[in-house]
Amino acid sequence: IYSVEFSREPFGVVLRRRVTGTVLLNTTVAPLIFADQFLQISTALPSPFLYGLGEHRTNLLHSLDWITLTLWARDVPPTESLNLYGAHPFYLVMEQGGDAHGVFLLNSNAMEVALQPAPALTWRTIGGILDFYIFLGPDPNMVIQQYQQVIGFPAMPPLWALGFHLCRWGYGSSNETWQTVKAMRNYQIPQDAQWNDIDYMDGYRDFTFDPEKFASLPSLVEDLHKHGQRYVMILDPGISSTNPQGSYWPFDEGLRQGLFINTTQGQPLIGQVWPGFTAFPDFSNQDTHQWWLENLRLFHAQVPFDGLWIDMNEPSNFMDGSEEGCPPGDLDSPPYTPAVLGDSLYAKTVCASAKQSTSVHYNLHNLYGLMEAKATARHSGTGTCLLPGSLRQRDPETPSNLLGTPADIFAGLLSFSLFGIPLVGADICGFSGSTSEELCTRWMQLGAFYPFARNHNTQNEKAQAPTVFSPAARTAMKDVLLTRYSLLPFLYTLFHRAHLQGDTVTRPLFFEFPQDVATYGMDRQFLWGRSLLVTPVLEPGADSVTGYFPRGVWYDFYRGLSVNSSGETLKMSAPLDHLNLHVREGSILPTQKPGITSEATRGNPLRLIVALSQSGTAWGDLFWDDGESLDTFERGSYSYLVF
């Protein structure tokens, strides 16, 4: 399907798609530079339609107007043009004619990708090697499947992870947390999981809970379990290092076994996070996994949590480098530093020169969160779900961004689909700042269709749980959550397909309509799978919304009315209690009568929504298992139905 030519003068490689003759890579456009701490290679692009290269706050479709995207994990509220929490050195290009290809650079070092209007792109990394994987599609869905054949398919989430999650920083006590849960039950609003942020801890120390303010936490968790609900709490990698010897086992034992990241002098590197001075576990060391597991087991015996929210694993440090700064040398001060926030590799993280068992932090920084996730996932033998903080698209700085620049949130949601991370969603109703009733209602409607749906809020801001609003807003939020719960069989099946073969769960319109160039820049609407179109309201004061309908017949999800589109933009009524949803012709959606937990929903009757194509045909499928056991597909303990 492709041909490769090598050119000696100018030096480079040219890769062509045979069927169309399209040149996918042409590295002769600029010199290759290959030094120990500076590797640079450029290519011409066959079109300006470029996606991926995370994690950044941009539109889904990148601008090529002299933009530099830096990849170096950093804990910072999402801001345009800054390097954010994760590193995903992968891009997808839509070629003229509707074919797609992808390119992955398997390299964990600090890097930048310079986009140029030619159209062209330059990779610049300061370590490792140039190890490229090219995915030839030719359909965008196939490109993403092929990418995941290399990096691995996502884990299958338990059914409850697809329910509604509620959280905030600053409940202040387990009783206050419990009141929120009880209010949700009282109003019969669906909720599968209750979360706590760092305020549950004793002095912000991992594997502890506040013996006064959160004394009733074990009872709260027991009550959640009695009601078919789950409990998730936050866990940060920084381990408090200043407790009297013998009083805090996690640090004492980690120190005894030498499991922390060390300075160049061979002493634990000490930074500062929530509890004060902290050491950082070296998750590249297998012995650290065992120690981490033991800490989780001991805490689970006191508070039988169901999921873990691993956060701050960039790793985040409130100091630059360490309490002693960083030593001189070409790891912390390399000959060339990519355009990172803070202008140094150790800005608000640990020293790049720090020693880990596998390598120096310089090479491992972008893998720290992944390695922590691997260590934590080993605990899931107890049926625990893992929800990595740094893999979620975090909160935009102010909630008004939803209505000001909605593409940011969508672009994050849809970009993560491209990166093989389908369980993703922003903090519903916004983390920072105060929300408004209208904003929160619209955001709950949108958030009900995030694969990961969690309402989360910062401390000292007014509450934004669905229960605190007027009856009208509360009802609108409840209704859209019931719609989500009715679609859980469909959503769960989409996640099965993601786990099995790397299908996307939420996908941009162009994935399903690659021949329709009008869809290439669209990130204010999205699809669930191939068949459910979501058109949220993203403007204040609106009672209507415009949405694009690709060619074909689309049925209103609620009323069954059909629209036969030739590929056009339509204006639809959108009162505050209504989210526009449309089902694509030729599809069958398995649904279920919704309950207020996924467990209650599971026991209810199933029904099919059949949307006939113009030729009178339709297709759908359902994957069903017990909803929580590991590896059910691999063990054959499931039902799979095709309609």
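The values are calculated or read from the model by the stated rules, or taken from the named source; none is laboratory data. This is a predicted model, so every value here is computed, not measured. Here the Cβ is made from the backbone with ideal geometry for all residues, glycine too, and neighbour counts use every protein chain on show. All accessible areas refer to the heavy atoms of the entire protein, side chains included, with ligands and DNA or RNA removed. Shrake-Rupley method; radii C 1.70, N 1.55, O 1.52, S 1.80 Å.
Residue by residue, here is whether (1) open to solvent by 50 Å² or more (accessible area, probe 1.4 Å); (2) among the β-branched types (Val, Ile, Thr); (3) touching a Leu at 6+ places or on another chain (Cβ under 7 Å) holds:
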site	(1), (2), (3)
Gly21	no, no, no
Leu24	no, no, yes
Thr27	no, yes, no
Leu32	yes, no, no
Ile41	no, yes, yes
Phe49	no, no, yes
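Residues checked against (1) closer than 23 Å to Phe410 by Cβ; (2) part of a helix (DSSP H, G or I):
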residue: Glu438; (1), (2): yes, yes
residue: Leu446; (1), (2): yes, yes
residue: Asp479; (1), (2): yes, yes
residue: Leu482; (1), (2): no, yes
residue: Phe490; (1), (2): yes, yes
residue: His499; (1), (2): no, yes
residue: Thr504; (1), (2): yes, no
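Only one of (1) open to solvent by 70 Å² or more (accessible area, probe 1.4 Å); (2) more than 27 Å from Pro190 (Cα to Cα); (3) out of contact with any Phe, Trp or Tyr (no Cβ under 7 Å at 6 or more places or on another chain); (4) assigned to a strand (DSSP E or B) is not met by Thr569, so which one is it?
Only one criterion in (1) open to solvent by 70 Å² or more (accessible area, probe 1.4 Å); (2) more than 27 Å from Pro190 (Cα to Cα); (3) out of contact with any Phe, Trp or Tyr (no Cβ under 7 Å at 6 or more places or on another chain); (4) assigned to a strand (DSSP E or B) is unmet by Thr569, namely (3).
Just to verify a result, which residue in region 323-356, among those that are under 18 Å from Ile239 (Cα atoms) and surrounded by fewer than 23 Cβ atoms within 10 Å (Cβ to Cβ), is farthest from the chain's Cα centre (by Cα)? Give the steps one after another, and end with the answer.
At the first step, the residues of region 323-356 found to be under 18 Å from Ile239 (Cα atoms) are 323-324, 348-351, 354-356.
Now drop any that are not surrounded by fewer than 23 Cβ atoms within 10 Å (Cβ to Cβ), which leaves 323-324, 348, 355.
Values: Glu323: 32, Glu324: 34, Lys348: 22, Lys355: 29 Å.
Ranking the qualifying residues of region 323-356, first place goes to Glu324.
Please indicate, with yes or no, whether at least one residue in region 542-550 is modelled with pLDDT of 95 or more, more than 25 Å from Gly620 (Cα to Cα), assigned to a loop (DSSP other than H, G, I, E, B) and among the β-branched types (Val, Ile, Thr).
no
For region 260-268, state whether one or more residues are part of a loop (DSSP other than H, G, I, E, B) and either charged (D, E, K, R) or over 30 Å from Ala354 (Cα atoms) (or both).
So in region 260-268, the residues part of a loop (DSSP other than H, G, I, E, B) come out as 261, 263-267.
Next cut, either charged (D, E, K, R) or over 30 Å from Ala354 (Cα atoms) (or both) only: none.
The answer is no; no qualifying residue exists.
Pick out the one residue from Phe299, Phe277 that is among the aromatic types (Phe, Trp, Tyr) and open to solvent by less than 30 Å² (accessible area, probe 1.4 Å). Lay out the reasoning, then the answer.
Values: Phe277 fails: open to solvent by less than 30 Å² (accessible area, probe 1.4 Å).
Testing whether each residue is among the aromatic types (Phe, Trp, Tyr) and open to solvent by less than 30 Å² (accessible area, probe 1.4 Å) leaves just Phe299.
Look at Leu115 and say whether it is assigned to a strand (DSSP E or B), in contact with a Pro (Cβ under 8 Å, 6 or more places away or on another chain), open to solvent by less than 10 Å² (accessible area, probe 1.4 Å) and of a type outside the set (Phe, Trp, Tyr).
no
Looking only at region 71-119, how many residues end up being under 22 Å from the mean Cα position of the chain (by Cα), modelled with pLDDT of 95 or more and among the charged types (D, E, K, R)?
3
Quick one: which residue in Gly271, Gly329, Gly325 is outside any loop (DSSP other than H, G, I, E, B), within 20 Å of Trp72 (Cβ to Cβ) and either in the same structural domain as Leu367 (by the TED database) or in contact (Cβ under 8 Å) with a residue 12 or more places away in the chain (or both)?
Checking each option against the conditions leaves just Gly271.
Taking region 302-321, which residues are part of a loop (DSSP other than H, G, I, E, B) and open to solvent by less than 50 Å² (accessible area, probe 1.4 Å)?
Our first condition is that a residue be part of a loop (DSSP other than H, G, I, E, B); within region 302-321, this holds for 303-306, 311-320.
Selection gives Val303, Pro304, Phe305, Asp306, Asp311, Met312, Asn313, Glu314, Pro315, Ser316, Asn317, Met319.
Scan region 207-232 residue by residue and report those that are in contact with a helix residue (DSSP H, G or I) (Cβ under 6 Å, 6 or more places away or on another chain) and not polar (S, T, N, Q). Before you say what the answer is, go through the steps one by one.
Restricting attention to region 207-232, the residues satisfying the condition of being in contact with a helix residue (DSSP H, G or I) (Cβ under 6 Å, 6 or more places away or on another chain) are 207, 209, 214, 216-217, 220, 228, 230-231.
Result: Phe207, Phe209, Phe214, Leu217, Leu220, Gly228, Arg230, Tyr231.
Please identify the pairs in which a residue from region 342-356 that is of a type in the set (A, V, I, L, M, F, W, C) has its Cβ atom under 6 Å from the Cβ atom of a residue that is open to solvent by 20 Å² or more (accessible area, probe 1.4 Å), counting only partners at least 6 apart or on another chain.
Ala347/Asp320; Cys351/Cys326; Ala352/Leu331; Ala352/Tyr346
Pull up region 44-89, narrow it to residues that are aromatic (Phe, Trp, Tyr) and in contact with a Ser or Thr (Cβ under 8 Å, 6 or more places away or on another chain), then point me to the one that is farthest from Asp427 (Cα to Cα).
Kept after step one, since they are aromatic (Phe, Trp, Tyr), are these residues of region 44-89: 49, 51, 66, 72, 85.
Going one step further and asking which of them are in contact with a Ser or Thr (Cβ under 8 Å, 6 or more places away or on another chain), we end up with 51, 85.
Working: Tyr51: 23, Tyr85: 15 Å.
Checking each candidate, the answer is Tyr51.
Search region 605-634 for residues being open to solvent by 20 Å² or more (accessible area, probe 1.4 Å) and at positive phi, and hand back the single one that is modelled with the lowest pLDDT.
Asp631
Quick check: is even one residue across region 557-565 buried (at least 21 other Cβ atoms within 10 Å of the Cβ) and in a strand (DSSP E or B)?
Scanning region 557-565 turns up no residue that is buried (at least 21 other Cβ atoms within 10 Å of the Cβ) and in a strand (DSSP E or B).
Could you tell me which residue of region 426-459 is nearest to Tyr147 (Cα to Cα), considering only residues that are crowded, with 22+ Cβ neighbours inside 10 Å, of a type in the set (Gly, Ala, Ser) and at pLDDT below 95?
The qualifying residue nearest to Tyr147 (Cα to Cα) is Ala426.
Looking at (1) open to solvent by less than 10 Å² (accessible area, probe 1.4 Å); (2) of a type in the set (A, V, I, L, M); (3) farther than 27 Å from Tyr640 by Cα, which is the only condition Val517 fails?
Among (1) open to solvent by less than 10 Å² (accessible area, probe 1.4 Å); (2) of a type in the set (A, V, I, L, M); (3) farther than 27 Å from Tyr640 by Cα, the lone unmet condition for Val517 is (1).
Determine, yes or no, whether Arg8 is open to solvent by 50 Å² or more (accessible area, probe 1.4 Å) and touching a Phe, Trp or Tyr at 6+ places or on another chain (Cβ under 8 Å). Before the answer, list the steps.
Numbers: open to solvent by 50 Å² or more (accessible area, probe 1.4 Å): yes; touching a Phe, Trp or Tyr at 6+ places or on another chain (Cβ under 8 Å): no.
No.
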